[in-house]
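Below is one structure, written out as C-alpha cells, with a few remarks after it.
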Amino acid sequence: MDRALVSLGQTKPHPLDLQQLRSDLSALWREEGKGVLRACHATLVLVVSPGEDPDPLIEDLVLTHPSRVLCIQPDPKLPPRDIVSWASCCCMKRSSGMLVCSETLRFVTGEGADERLPSIVRSLAVGGLPLVVICRETSPLHLSWIDAIREEADMIVGRSGGLELGEALELWRESTQARGTRVEDLTWDELRPWRSVIQSRFDRARDVSRLSALSEVTLEMGQRSSIAPAALLLAGWLGSRLQWTRPERLAPNRVRVKRSGGEILIEFQPGLVADTVRFGFEDGGEPMRWTSKELRTESPSGPLSRTLHRHAFNPVAVGAQKMALELAPKS
Amino acid sequence: MTRENPLRDPSEGLESAPPASIVIFGASGDLTRRKLIPALYNLAEDGLLSTSTSIIGFARRDWTDAGFRDAMRDAIAEFSRRQPLDENVFAGLAKGMRYIQGDFDQPDGYPKLAQLLQSIEKDRSDPGVRLFYFATPPASYEPIVKRLAEHRLADRAHPAVRVVVEKPFGHDLESAKHLNAVLAEVFEESQIFRIDHYLGKETVQNLLVFRLDNGFFEPLLNRAYVSHVQITVAEAEGIGTRAGYYENAGVSRDMLQNHLLQLLSMVCMEPPVQFEAKSVRDEKVKVLQAIRPFTVQEAMQHAVRGQYTSGIVEGNAVPGYLKEEGVAPGSTTETFLAVRFEVNTWRWASVPFFLRSGKRLPKRASEIDIVFKRPPYELFRQRTASRPAPNVLRLRIQPEERISLSFEAKAPGQAFHIEEVRMDFSYTTSFGRESPEAYERLLLDALHGDSTLFSREDEVRLSWRIVDSLIQAWAEAGTKPSLYPAGTWGPPEADQLPGREGRRWIAP
C-alpha cells in the first residue's frame, strides 16, 4: 500500500543546536533498529507560511520523493533571530515490510533569523544528492537567504498561483531563462488537470474545427479582483499552442489577440463560486465551458512530484510562460 | 477532412496517449482481468490516457456492455496496484467500454466490431490509434488476423492501426515463421507489437540507462574484466491451472525463448546509435546472431533440465509436477532449465553466460549477476583468512527492483579481516512510490507507437533457432529431465555447470 506510513517519532523542540539535532535524529534511528532504509532521493528545503500545517504535504511528498526534508517556517511570535528546531522521521512501509525513512528537520524562525538559514541548509543537506528549494506561498526570488544558496541548489520551485501578479511575472522571467539554477513554477503542474480537460474536448472532430472560430476566452479564476496568475498562465498555454499574436490591452483585465483569420477577446475575472473557463465562438454555435468541479483531483503532492521529476526545461511550459508575459499588464 | 488537435502536444512526452480504440480479444480471460484492465485504469488515474479512449471487449462470454463494465470494475478492485478504486477515474474509463460477443474464428462479431469502431472514430478529431490486443490462446491468433483483414478492420496502409501479440509467439521456429507470415499479410512489421512483459520492468529498461548513460561501468563490461554472467528467473509457483499450455511448452519455450534471451540481449548488446526502436533492436539481434545453436553433444554438456517432485516451498508442502492437475502420467516436460551460453562477439568471446529458470524453486526472484574477475595479484591473501570474493554487479528485477555492487572492504579492528560489503541502489529509497506495472509502460508505448521494448520478427526467429536446437538435441539423445525436490534450486547437475569451471550460482 502506497499510503502505509509509519512514524519513528519526533524529538522535543529546542533552540537551534545542530549537534543536538543530529544526535536526536540518530536516537530516532537507533530506537527503530533493523529493517529501515534511509531515503535518498534529494534534500528538499520546504518553505511554509506562518501557521500552515506542513505535515500532510510532507507525508504525501516523501511517498514519491523519499528525501531529507528541511522545513522552514517563520513565526512572528518568536524572539528576533531565534530558531527552534526538532526532528522527526516518517517512513513508508513497503510490501516486503521494509521501512524507507524520510527525515524531516523542522525549523521555526523568528524575525531576522534568515541570515542563519543558508549555513543550516549547507550543513544539513545530504552530500551528493540534489538540493531543491520549494517555496509555495512566497516568492523564492524575494528571500535573500535563498539567493545565498542559489548556486548550490539544483532547482528552485516557486508557485506563481500563490503570488501577487508582479511576483508571478518575475518568476516566469526567471523560469524562462535557460541558464543558471533552474527555476520552476509549480502552478504549471497544478494546471495540468485544466490543460487535460480542455485539450481532450478537442479530440472530437466536430469540436477541433471550431478552434478556428474561437472569438472569446473568459477565465474566471481566483478570488482577487486583479488577474490571477494561474489564469494568465493558462491563457498563455492556450495562446502559445494556438499561436495567438499581437496582444492589445483593452482594459486592465481584457486583452485582444490576433489568430489566423480573426481576433479573440480574452477576459480575466475572479471565480466567484468555482473557477471557470469559457470559450465563445463566432460560428454561432454553443459556447464551451469547464469548471474546477469537473477536474481530476490530485494528491497534495501530485503537481510538486511532477515538477521534481522533470529534469530539463519543459518547452511547452516555457512557451506558455512567455505568452503569459506578453498577455500580462505592462505596469 | 480531419484536423489534428493543436492543444495536444507530443513534446509533453508521456503526458497522455492519443485518442485510441483498444480492442481486447479474450476480454473475459485472466490476462485481461489481472493485467490489462488494471494497467489501463492506472494509466487513466495518472492522466496518461486520452479521455477519448474506448476499450472494446471481444469474447465468447454472454455479456452486455454493462456486464463487461461490472466485471472490469471488479477486476480493478481486485488487481490494481492502486487501492481503493477511484470511482471518478473508473467512470471516465467505463464511459468508453463496450462489449461484443463473438467467436474469434466465426464472422458474426466482426461486422459489429467494424460498425462500432467506425462510429467511435468518426466522432474524433482524428481517428486515433486502433489497437488490437490478442489476449487469447495462440491458436486464435491466425483466425483473428484473417477475420480482421476480411472485414477491413486492419491493413498495412494505416500506421495507427496496431496489433499487440502475447507470448508464446509460436511453438517452435517453424510455427513462429508461419505466425509471422500470417501477421505480415495484414500488418507491416512496424504495426506489430510482440509483447514480453519483462521488457516493461523498470530495472530492465534501466539496464540500458545504467550501462550507456554512466561513464564508469560500460568500459568494464567486456571479456577483459567480466568473469561470467548469471541470469536467474526463478518462480516459487507451480503450474497452477496451466497444465494444458505448460505440458506442451516447458520452461524452455515458456521462459528461455523470451524472457531469458531478452535479458541476455540487453546485457550483451552494443550501444545503439540512437535510442529508438530500430537501432536498439538491431543491436539485440546481433547478440542472438552471435549465439551458436547447440549440437547434441553441446546440449548434453552445457544444458541441464529438470522436473520438480514433491517438496516444501515457502513453508508449504506441494505436489510433484506429475501429480499436478492435467499433467500426463510420465510427462517429460521440463520445469527447470540451466544452460551455459557463449556470445561470440569481440566484447564477450569466451565469457560464459549461465542462465537458469524454473518452477517450484525456493523463491520468486529474477536477477542478473555480472561477476567481475579478481585482481591479477592477490595482495592481501597472506594477511587474511577470508575467502576472496569477486566484485558482483547485481541487477535485481523482481520481487523488488534494485541494483547493487559488492566489493571487498577491510573490517574495522586490529585484525586484517576483509569482508564483502554492498552498495545498494533501490528504486524504493530513491524514487518512492512503487514502479508502474510493466503492462502500463508497454500499453502506453504501443499507444504511442514506440516499439523499442517489443520483440521484432528476426529476434523471435533467432531465439527460436537457439531453443529449437536444445529441444531437438534432447529428443535425439532420448534423455529425460533430472528430478529435483520442489523448494530447491534445481537438480544437482545444474550446480556442475558453473562448478566445472570453479564457479557457483549466486543465490538470489
- Query: Roughly how many nanometres apart are two label points built 7 Å out from the Cα toward the Cβ at B:ARG152 and B:ILE506?
  - Reply: 5.8 nm
- Provide the percentage of antiparallel DSSP beta bridges, counting only those with both residues in chain B; round to the nearest 5. 55 percent
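So what's the back-of-envelope 222 nm ellipticity for chain B, counting only DSSP H runs of four-plus at -39500 (n - 2.57) apiece and dividing by all residues, rounded to 500? Walk me through the numbers on the way to the answer.
Numbers: 15 runs with 163 residues, N = 508.
It comes out at -9500 deg cm²/dmol, rounded to the nearest 500.
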- Task: On a C-alpha basis, how far is the centre of the range A:272-291 from the centre of the range A:300-315 in Å? Whole number, if you could?
- Result: 29 Å
- Message: Please give me, ordered by residue number, the GluC sites (Glu not before Pro) of the range A:130-183 that lie in loop per DSSP and have at most 12 other Cβ atoms within 10 Å.
- Response: A:GLU151
- Is the shape of the protein assembly as shown best called rounded, prolate or oblate, per the rule: a/c under 1.5 gives rounded, else a/b larger than b/c gives prolate, else oblate, with a ≥ b ≥ c the square roots of the Cα gyration tensor eigenvalues? oblate
- Query: Taking K and R as +1 and D and E as -1, what net charge do the other residues with C-beta under 10 Å from the C-beta of A:SER292 add up to?
  - Reply: -2
- What distance in nm separates the simple spin-label points at A:ALA251 and B:PHE216, each placed 7 Å from Cα in the Cβ direction? 6.3 nm
- Item | Rounded to 10°, Cα long-axis angle of helix A:165-175 versus longest principal axis of chain A | 80 degrees
- Item | the range B:131-204: trypsin sites (Lys or Arg not before Pro) falling in loop per DSSP and having at most 10 other Cβ within 10 Å | B:ARG152
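Counting only C-alpha contacts under 8 Å and six or more residues apart, can you give the relative contact order of the range B:394-508 as a whole percent?
After rounding, I find 11 percent.
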- Query: What is the range B:164-276 by shape, rounded, prolate or oblate, if you read a ≥ b ≥ c off the alpha carbon gyration tensor as root eigenvalues and call it rounded for a/c under 1.5, prolate for a/b larger than b/c, and oblate otherwise?
  - Reply: oblate
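Using unit Cβ charges (K, R positive; D, E negative) and no other charged atoms, how large, in debye to the nearest 20, is the dipole of the range A:30-178 about its Cα centre?
680 debye
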- Item | Difference of contour (0.36 nm per residue) and Cα-Cα distance, B:HIS448 to B:SER350 | 31.3 nm
- Message: Quick query: amide H of B:ILE100 versus all other amide H atoms, modeled in the peptide plane; which residues come in under 5 Å with a sequence gap of 5 or more or a different chain?
- Response: B:GLY57, B:PHE58, B:ALA59
- Message: Just to confirm the number: angle between the C-alpha axis of helix B:65-79 and the first principal axis of chain B, 0 to 90 degrees, nearest 10?
- Response: 20 degrees
- Task: Using just the helices of chain A, give the 222 nm mean residue ellipticity in deg cm²/dmol: DSSP H runs with n ≥ 4 each add -39,500 (n - 2.57), and the total is spread over all residues, rounded to 500.
- Result: -9000 deg cm²/dmol
- Item | Relative contact order [Cα under 8 Å, 6+ residues apart], chain B, whole percent | 17 percent
- Span from the the range A:115-191 Cα centroid across to the the range B:179-198 one, whole angstrom: 49 Å
- Going by a ≥ b ≥ c, the root eigenvalues of the Cα gyration tensor, does chain A fall in the rounded group (a/c under 1.5), the prolate group (a/b larger than b/c) or the oblate group? prolate
- Query: Size of the dipole of chain A about the Cα centre, Lys and Arg at +1 and Asp and Glu at -1 on the beta carbon, nothing else charged, in debye to 20?
  - Reply: 820 debye
- Message: If I model a spin label at A:SER299 and A:GLU216 as a point 7 Å from the Cα along the Cα→Cβ vector, what separation in nanometres do I get?
- Response: 4.1 nm
- Amide H contacts of A:GLN269 (H built 1.01 Å from N, under 5 Å, at least 5 apart or other chain): A:LEU219, A:GLU220, A:MET221
- Message: Give me, ordered by chain and number, the residues 5 or more places off A:CYS71 or on other chains with an amide H under 5 Å from its own placed amide H.
- Response: A:LEU46, A:LEU105, A:ARG106, A:PHE107
- Roughly what angle does helix B:438-448 make with the longest principal axis of chain B, taking Cα atoms, 0 to 90 degrees, to the nearest 10? 50 degrees
- Could you run the Karplus curve 6.51 cos²θ - 1.76 cosθ + 1.60 with θ = phi - 60° over the range A:178-190 and give me ³J(HN,Hα) per residue in whole Hz, x for Gly and Pro? 8, 8, x, 5, 5, 10, 10, 10, 4, 4, 4, 6, 5
- Projected area of the range B:371-508, taken from the Cα convex hull and averaged over every viewing direction, in nm²? 14.5 nm²
- Message: At 0.36 nm per residue, and after removing the present C-alpha to C-alpha distance, how many nm does the segment from B:ALA224 to B:ASP74 gain when stretched out fully?
- Response: 48.6 nm
- May I ask you to list the trypsin sites (Lys or Arg not before Pro) in the range B:29-86 that are in a DSSP loop and have at most 14 other Cβ atoms within 10 Å of their Cβ? B:ARG60, B:ARG61
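Coordinate-derived values only; no laboratory data. Since we're looking at a predicted model, the values are computed, not measured. Ideal geometry is used to build each Cβ from the backbone, glycine not excepted, and the neighbour counts take in all protein chains shown.
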